[in-house]
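Only one structure is covered here, and it is reproduced in the block below.
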Amino acid sequence: MKECIGFIGLGSMGAGMSANLLEKGWPLTVWVHHSRDAADRLVAAGATEADSPRALAAACDIVILCVTGSREVEALVKGRDGLAAAADGRAAASKPLLIIDCSTSNPSSTTALAAELASQGVTLIDAPLARTPKEAAEGKLDVMVGGPADAVARARSVLEAFAARIVHTGPTGSGHTMKLLNNFVSMGYSAIYSEALTLGAKAGLTPQVFNSVISGSRMDCGFYQAFFDFVLNRNENAQRFAIVNALKDMTYLASFAQAGGVANPIGAAVRNGFATAVATGHGEKFVPALSDIVAGLNGVSLVEPLKM
C-alpha cells in the first residue's frame, strides 16, 4: 500500500510534481502556500486539502516541500502550527514522518534542521531539483538526494513519480551542496553569456553572429540553447527561473564558501552581477533577461539593429 504524501509548494515546479504523484496513484494531501489555482486543480482531481502544515503532517507519511529556500522551509517546519508540531501526535504511526526538502536551501540550515528533527523522531532529507517546469510536468526532473541510505530508499519510489534521474549525493545536506554547485555553474554561464554579448554588441557583433559561432561547437550545451532561445527568439519561458532566486542561491554559495574558508572570487563576481540586476529593479525577470540588463547598463541593445 502506498504511503500518503503531503505536498507544500505548488508553484511552477511543484504543480507538475504533485500532479504526477496524483496521476501515478499516490494518495495526496496539499496545503496552499501561495498557489490557489494549482491546489484547486489537484483537489478536483482527487487530492485532499489540509488547513495547516501541522494537519498535513498528521495526515501523511511523507511530506515534500518545494518552496523558495531555507527561510521558508524553517518557517513551515518549526512554526507554531508547522510540520514538527505534529510529531508527538504521530507516535503511534507505523512509520516516522519523512520530510523531503526539494527546495534550494542553504546546506548549513538543512543539516541543523535535520539534527533538530531527528530528536523528535522526524527524518529530513534534501532532494533539490534540476531542469525546468516543463520536465516537472513530464515527470523527467533530475534530483540530487542527500540523506541516510534507508531514508533515501524509502523516498526513491516517490521521487520516481516526477524524476527521470535520481542521484544519491551522500549524507543529509550534500544534495543542497551539489545543487548550489550546479546553480553556480549555470548562473556562471549566464553571467558570461551576458557579458560576452554586451562586448560583442559594443564591437558591432550581433547575437545572431555570436550564436552562429558558438552553437554546435564544443562550447554549446543544453543550457546555452535555452538561454539563447530567449536572446534570439525572445522566448520568455525558455528558462523560468527568477533572477532574485538566482541571487538567493549565489548568496547561499557565498555563505557556504565562507564557512569552509574557501576563496571564491568567481562566485562573488557572478553573485554581484545578479545583485546588480535585482538592485536595478529586475529581480522578477527570468535569468536569460540578464543579457538585456547587462547590455542596457552598458548602453547597447541586443534587440534593436546595431549601427554599423
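The values are calculated or read from the model by the stated rules, or taken from the named source; none is laboratory data. Values in this document were obtained by computation on a predicted structure and should not be read as measured data. FYI the Cβ positions are ideal-geometry reconstructions off the backbone, even for glycines, and counts take in every protein chain you see. Just the protein is used for accessible areas: all its heavy atoms, side chains included, with ligands, DNA and RNA removed. Shrake-Rupley method; radii C 1.70, N 1.55, O 1.52, S 1.80 Å.
Residues checked against (1) touching a Pro at 6+ places or on another chain (Cβ under 8 Å); (2) modelled with pLDDT under 95:
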residue	(1), (2)
ILE64	no, no
LEU76	yes, no
GLY121	yes, yes
ALA153	no, no
ALA164	no, no
Does ALA246 qualify as being in contact (Cβ under 8 Å) with a residue 24 or more places away in the chain, open to solvent by less than 40 Å² (accessible area, probe 1.4 Å), in contact with a Phe, Trp or Tyr (Cβ under 7 Å, 6 or more places away or on another chain) and not in a helix (DSSP H, G or I)?
-> no
Members of region 27-41 that are open to solvent by 10 Å² or more (accessible area, probe 1.4 Å), in contact with a Leu (Cβ under 7 Å, 6 or more places away or on another chain) and either over 16 Å from GLY14 (Cα atoms) or part of a helix (DSSP H, G or I) (or both) | none
Among the numbered conditions (1) part of a loop (DSSP other than H, G, I, E, B); (2) surrounded by 12 or more Cβ atoms within 10 Å (Cβ to Cβ), tell me where GLY261 comes up short.
-> (2)
If you take the residues of region 125-169 that are touching a residue at least 40 places away in the same chain (Cβ under 8 Å) and in a strand (DSSP E or B), which of them is nearest to VAL185 (Cα to Cα)?
-> ALA130
Could you figure out which of (1) out of contact with any Gly (no Cβ under 7 Å at 6 or more places or on another chain); (2) in a helix (DSSP H, G or I); (3) open to solvent by 20 Å² or more (accessible area, probe 1.4 Å) isn't true of GLY216?
-> (2)
For region 45-71, name all the residues that are part of a helix (DSSP H, G or I), of a type outside the set (Gly, Ala, Ser) and surrounded by 19 or more Cβ atoms within 10 Å (Cβ to Cβ).
-> PRO53, ARG54, LEU56
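Closer than 24 Å to MET17 by Cα and among the β-branched types (Val, Ile, Thr): which single residue out of ILE243, ILE192, ILE266 fits that description? Break it down stepwise before answering.
On the way: ILE192 fails: closer than 24 Å to MET17 by Cα; ILE266 fails: closer than 24 Å to MET17 by Cα.
Selected residue: ILE243, the only one of ILE243, ILE192, ILE266 that is closer than 24 Å to MET17 by Cα and among the β-branched types (Val, Ile, Thr).
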